[in-house]
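Have a look at the structure below, then the notes.
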Amino acid sequence: MTNSPESNKQPVQAVADERDLRKILGPSRFSAAGFLGADPRRPEDIMSDDAAMLAGLGVDKERLVDTLRKAYDAAEQALGAPVTVSAGCVAVHCGARGKIPSPFANEGTFAKGETVFTLAASGASFSLTPLSLHLIDKHGFFQGKGSPYRVEPDVAARMMGLIK
Amino acid sequence: METAQAPTVAIDINGGKKIIRVKPGTSLLAGCARNGLFLPSACGGNARCGYCKVKVVGGATPPLAAELPLLSESEIAAGMRLACQTKPVGDLAIAVPDELFSVKRFSGKIARKTLVTYDILGLSIELTNPKTIEFTAGQYIQAKSMSYLGRDAVLRDFSIASPPSDSSGVDLLIRRTKNGIFTRWAFDVLKEGDAISFSGPYGAFRASESAAPMLMVCGSTGLAPIWSILQDLVRKKCNRTIRCFFGALSQKDLFMVEELHKLETGLADFKFIPALSSEPESGGWTGERGLITEVVRRNVPDCSRFEAYLCGSPGMINACIAVLTQCGLPDARIFYDKFA
């Protein structure tokens, strides 16, 4: 592989697609902060980096999604009271009125509300919403670094007890 | 000289109750709004929010791909379509809830803004145009925020907390959400005296006319429509048995407790039961403790004679429905306003 300027060029369509993707994942009338945070990476790179991280940890994405979904449901059923979902990890759900559409077309709407997972020992935490769970499940998109609903795959896997 | 008239198609709404004419290809959402019928919408007609569902009863074409994720199979089978994506090129007949005929657009100003708890705001809107509103206790409005800090104006739903007898305005309860566009505007930008607009009233959540005892269960801002209904029942000198359960985490999440307890003397047979699920033992709380569902079950083990009125998060409503069903209450007598 050479390092000539030619080899760094992306096809025009790819550049347009990336611009479109950044636009639909940016701030909107439904999401004040958008889904990319301050992450300078291309959305595709965010997804592939996170997929690689999960693979490196030996964690199956479907298993992580399934575990997160069960933990989310357990917290929702506790109606705002703290609930222990794995060793040392406490989840608190907060309901909210309304629905939010997926930033990707034709994927429907998702209930608002979020569950905050906190590891008592370290204070590490992340917030999960039905939409962010859908984005992980369908697209492997854990959101950009700095997004309020970014889920760090390794942190989530550790807090859910999938890795030590 | 003759002028060629642009062709139009007829939209028959609710079996001839209203017939409007629109240019072919105009969306139902826009065509109805131009003719004074305001269907709810939060996305401005982009097939994103799914709020503008109507039933097409004649002249229907199959739903577009963009509509499918927002319509269930049973809705599609029943002829439901998104009004924003339905662009008739021929005559069409649709059915909408009758209450939409009384939906109007309102302008008002913020007469009072108060912090009810650390995360719940009370807004009183005084109407300026038109100057009065007619609604049924339990209904909601769709309020519009202004653009701020580069954010677009957005539409959000809020139940009316004031009673219908106070027709000069509406009171709302708004809970702060961490990243909410509307709620941050309402909490941090909106001031007393500022202009605000909304459309409404919407929704079918209301007290029935029956004499059955009422079981009300709510949490947080879910109290808004319940409070409106209760004030209306006081004015109507209602003599039904009413048990009102209000679930919260701790004492700092409770509000309007005094006003609700006062109704125990204002209504014939009313009892207000606040319950806390995470209040420390040292907090001095002597009332009910536990999840609101457990408290309801403990206090009303046999619900079979009751009608239930629920308002709150989907999780709370689903949990309540399960418990009430176990306690003998048939589905047909469970009414709810789910925050979804």
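The values are calculated or read from the model by the stated rules, or taken from the named source; none is laboratory data. The structure presented is a predicted model; accordingly, all values stated were derived computationally and were not measured. Here the Cβ positions follow ideal geometry from the backbone for every residue, glycine too, while neighbour counts run over all protein chains shown.
Laid out as a table, the results:
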| read-out | value |
| --- | --- |
| B:Pro40 being touching a residue at least 60 places away in the same chain (Cβ under 8 Å), touching a strand residue (DSSP E or B) at 6+ places or on another chain (Cβ under 9 Å) and closer than 30 Å to A:Ser102 by Cβ | yes |
| Evaluation of B:Ala319 against (1) over 27 Å from B:Arg176 (Cβ atoms); (2) among the small types (Gly, Ala, Ser); (3) in a helix (DSSP H, G or I) (one fails), failing number | (1) |
| Any hit, segment B:318-325, residues being over 23 Å from the mean Cα position of the chain (by Cα) and either in the same structural domain as B:Cys244 (by TED's automatic domain parsing) or surrounded by fewer than 23 Cβ atoms within 10 Å (Cβ to Cβ) (or both) | yes |
| Pairs, first in a helix (DSSP H, G or I) in segment B:64-92, second β-branched (Val, Ile, Thr), C-beta under 7 Å, six or more apart | B:Leu70/A:Thr109 |
| Cβ pairs under 7 Å, 6+ apart, first in segment A:14-29 and farther than 20 Å from B:Arg184 by Cβ and at pLDDT 85 or above, second aliphatic (A, V, I, L, M) and part of a loop (DSSP other than H, G, I, E, B) | A:Arg22/A:Leu36; A:Leu25/A:Leu36 |
| Test: residue in segment B:82-89 that is more than 15 Å from B:Pro201 (Cβ to Cβ) and assigned by TED's automatic domain parsing to the domain that holds B:Asn129 | no |
| Selection from segment B:47-81 of residues that are closer than 19 Å to A:Ala111 by Cα, in contact with a helix residue (DSSP H, G or I) (Cβ under 8 Å, 6 or more places away or on another chain) and among the aliphatic types (A, V, I, L, M) | B:Ala47, B:Leu68 |
| Qualifying residues in segment A:126-151 (those that are surrounded by fewer than 16 Cβ atoms within 10 Å (Cβ to Cβ) and not in a helix (DSSP H, G or I)) - the one nearest to the chain's Cα centre (by Cα) | A:Lys145 |
| Qualifying residue in segment B:119-133 (condition: surrounded by 15 or more Cβ atoms within 10 Å (Cβ to Cβ) and within 12 Å of another protein chain (Cβ to nearest Cβ)) | yes |
| Strands (runs of 3 or more DSSP E) wholly inside segment A:53-106 containing at least 1 residues that are modelled with pLDDT of 90 or more and touching an Asp or Glu at 6+ places or on another chain (Cβ under 7 Å) | A:89-94 |
| Output for segment B:137-160, where each listed residue is modelled with pLDDT under 85 and among the hydrophobic types (A, V, I, L, M, F, W, C) | B:Leu149 |
| Close pairs from segment B:263-279: first within 11 Å of another protein chain (Cβ to nearest Cβ) and within 20 Å of B:Asp253 (Cα to Cα), partner polar (S, T, N, Q) and part of a loop (DSSP other than H, G, I, E, B), Cβ under 9 Å, at least 6 apart | B:Leu276/B:Ser250; B:Ser277/B:Ser250; B:Ser278/B:Ser250; B:Glu279/B:Ser250 |
| Members of segment B:233-256 found to be in a helix (DSSP H, G or I) and more than 24 Å from B:Thr117 (Cα to Cα), listed by number | B:Leu233, B:Val234, B:Arg235 |
| In segment A:24-78, residue farthest from the other protein chains (Cβ to nearest Cβ) [restricted to those that are among the hydrophobic types (A, V, I, L, M, F, W, C) and in contact with a strand residue (DSSP E or B) (Cβ under 9 Å, 6 or more places away or on another chain)] | A:Leu68 |
| Tally of residues being away from chain B (no Cβ under 11 Å) and surrounded by 21 or more Cβ atoms within 10 Å (Cβ to Cβ) across segment A:90-101 | 1 |
| Selected residue [more than 13 Å from every other protein chain (Cβ to nearest Cβ), surrounded by fewer than 18 Cβ atoms within 10 Å (Cβ to Cβ) and not hydroxyl-bearing (Ser, Thr, Tyr)] from A:Ala105, A:Ala156, A:Ala121 | A:Ala121 |
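Here's the yes/no breakdown for (1) touching a His at 6+ places or on another chain (Cβ under 6 Å); (2) over 27 Å from B:Phe182 (Cα atoms); (3) surrounded by fewer than 18 Cβ atoms within 10 Å (Cβ to Cβ):
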residue	(1), (2), (3)
B:Ala47	no, no, no
B:Val56	no, yes, no
B:Leu64	no, yes, yes
B:Ile76	no, yes, yes
B:Arg81	no, yes, no
B:Lys87	no, yes, no
B:Ile94	no, yes, no
B:Phe101	no, no, yes
B:Lys104	no, no, yes
